[in-house]
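J.: Pasting a structure here, questions to come.
Read-outs: derived from the displayed coordinates by stated rules, not from any lab. What you see is a predicted model; the values in this text were computed from it and never measured. Cβ placement follows ideal geometry from the backbone for every residue including glycine, while neighbour counts extend to all protein chains displayed.
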Amino acid sequence: MINSKLPNIETSIFAKMSKMAAEHIALNLSQGFPNFPSDPALNALVDQAMSDGYNQYAPMPGDFELRMEISKKIETLHNRFYNPETEITITAGATQAIFTIIAAKIDKGDEVIIFTPAYDCYAPTVKLFGGKIVPIQLKPPFYNVDWQEVSDKISSKTKMIIINSPHNPSGMLFSKEDMLELQNLAEKNDLLILSDEVYEHIIFDGNSHQSASKFEALAARSFVTASFGKTFHNTGWKMGYCAAPEKLMKEFQKVHQFVVFCVNHPIQKALATYLKDENHYLKLSDFYQQKRDFFLHLMEGSKFKIIPSKGTYFQMLDFSEISTENDIAFAERLTKEHKIATIPTSVFNEGGKDFKQIRVCFAKTDETLSQAAKILQQL
């Protein structure tokens, strides 16, 4: 008999909807990836790194020049210095970083608080290592955190809180006040924080990213994860990083070396050069806000109820005035009958709560967004 450590885990909703989109020749606004190319200049830097011979193993923590550039970036943006020698590790995407953090720090019986709707890799990984998920449901339309509820759910077994800001799928942002509340609870209860910041450079309407690294006491007990794939339009490269204080990073690297040891060397060399021009990431918010605004303008007058996303490249659409179907049935019907694939958000909620919302990705060409809006306007 074969026993499964994750007996109830099925194929991810992203894979399901993308497969359905392909089968029904539908526009794919479901999975979170751009349908336009990464910068040819960055691609050329990868080619150059390969030609220069960077085709063997990179150092286990990552290329040192890239770690230095990440350190400079964080210090410039958030006034926090991470030692590139001991406090930064390059990872095979943010998902590997998240897996490694949980593997390194969560033991059987430990409780981990997550905010739902939550990205779908958090809970299974916690369960894989014997931890228990304590979900806190964020409620539409604004998905704000009730910090009293968080405090009430902290117990003697609570080990970690996982946060995600800018937040996928809702597009909400943690405010400075949110982060100070988190810092207070983390200090008071001696908790670790896993801060998933993969959309750190995609924030709208003049708002600022409140990284865990900005807050001294919070940074001291936080793992911060980020993604170059999300930032530079090349999710298939699976390239990210983790920053944490040395005592935490030592534990991270103990696991990291046996999960992947190191990650793609020529891409690291290319990114080290590319990051030297800060405009490559500082202008990203304007780029994606233009896409968000373009899509929302096209959606004006539709039957969907829409609150503009504050960050990420996702937009929630409330279809409660269009259909009484549950969101999974609605998303499947959209794909099959209307040829547009989206993501039902109940799959990310505590107990599968259905708030009649779907998520669309607007990291698409203007042509794709125009086609999508035309379809959605007809509903």
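J.: May I ask for the distance between the Cα centers of segment 318-379 and segment 244-290, given as a whole number of Å?
T.: Value for the Cα centre distance between the two parts: 32 Å.
J.: While we're looking at this one, here's another question. Going through the DSSP H helices of the chain, which span 18 Å or more along their own axis at the Cα atoms while scoring at least 1.0 as a mean Kyte-Doolittle hydropathy?
T.: Span-like helices, by this rule, are 93-105.
J.: Using Cα-Cα distances under 8 Å and only pairs 6 or more residues apart, what relative contact order does segment 17-85 have, in percent?
T.: Relative contact order, segment 17-85: 17 percent.
J.: Rank the residues Trp147, Trp237 as a footprinting-exposure proxy: fewest other Cβ atoms within 10 Å of their Cβ go first.
T.: Trp147, Trp237
J.: Looking at [x] 55, 54, 36; [y] 60, 46, 43; [z] 55, 53, 53, which value of Cα extents along the principal axes in Å comes from a calculation on the structure shown?
T.: After the calculation, the listed value that fits is [z].
J.: Give me the net charge of Thr89's neighbourhood, meaning all other residues with Cβ under 12 Å from the Cβ of Thr89; Lys, Arg count +1, Asp, Glu -1.
T.: After counting each charged neighbour, the total is -2.
J.: Also: Could you tell me what percent of the DSSP beta bridges with both partners in segment 104-253 are antiparallel, to the nearest 5?
T.: In segment 104-253, approximately 15 percent of DSSP beta bridges are antiparallel ones.
J.: For a Förster distance of 25 Å, can you work out the FRET efficiency between the beta-carbons of Gln137 and Asp205, rounded to the nearest 0.05?
T.: For R0 = 25 Å, the calculated efficiency reads 0.45.
J.: Fewest Cβ neighbours within 10 Å first, please rank His201, His280 accordingly.
T.: Details: His201 24, His280 17.
Ordered from fewest to most neighbouring Cβ atoms within 10 Å, His201, His280 come out as His280, His201.
J.: Take every DSSP beta bridge whose two residues both sit in the chain, then give the antiparallel share in percent to the nearest 5.
T.: 45
J.: Normalised by the residues of segment 19-137, what does the relative contact order come to in percent, with Cα pairs under 8 Å and at least six apart?
T.: On the way: 86 pairs, mean separation 18.9, N = 119.
Contact order relative to length: 16 percent.
J.: Would you mind pulling out the separation of the Cα centroids of segment 142-220 and segment 32-55, in Å?
T.: 33
J.: Also, quick follow-up: Could you work out the relative contact order of segment 56-278? I mean the mean sequence separation of Cα pairs under 8 Å and 6+ apart, divided by the number of residues, in percent.
T.: Relative contact order, segment 56-278: 30 percent.
J.: Please order Lys247, Lys108 by the number of other Cβ within 10 Å, starting at the fewest.
T.: Fewest-to-most Cβ neighbours within 10 Å comes out as Lys108, Lys247.
J.: Glu300 to Lys276: extension gain in nm, 0.36 nm per residue of separation minus the Cα-Cα distance? Kindly include the intermediate steps, with their values, before the conclusion.
T.: Details: separation 24, 0.36 × 24 = 8.64 nm, distance 3.97 nm.
So the extension gain works out to 4.7 nm.
J.: Let me ask another. Using 0.36 nm times the number of residues separating Gln257 and Glu85, minus their current alpha carbon distance, what extension gain do you get?
T.: Working: separation 172, 0.36 × 172 = 61.92 nm, distance 1.56 nm.
Using 0.36 nm per residue and subtracting the Cα-Cα distance, I get 60.4 nm.
J.: A further question follows. What does the helix-only formula give at 222 nm for the chain: each DSSP H stretch with n ≥ 4 adding -39500 (n - 2.57), the total divided by the residues, and the result rounded to the nearest 500 deg cm²/dmol?
T.: Helices in the chain give a 222 nm mean residue ellipticity of -12000 deg cm²/dmol.
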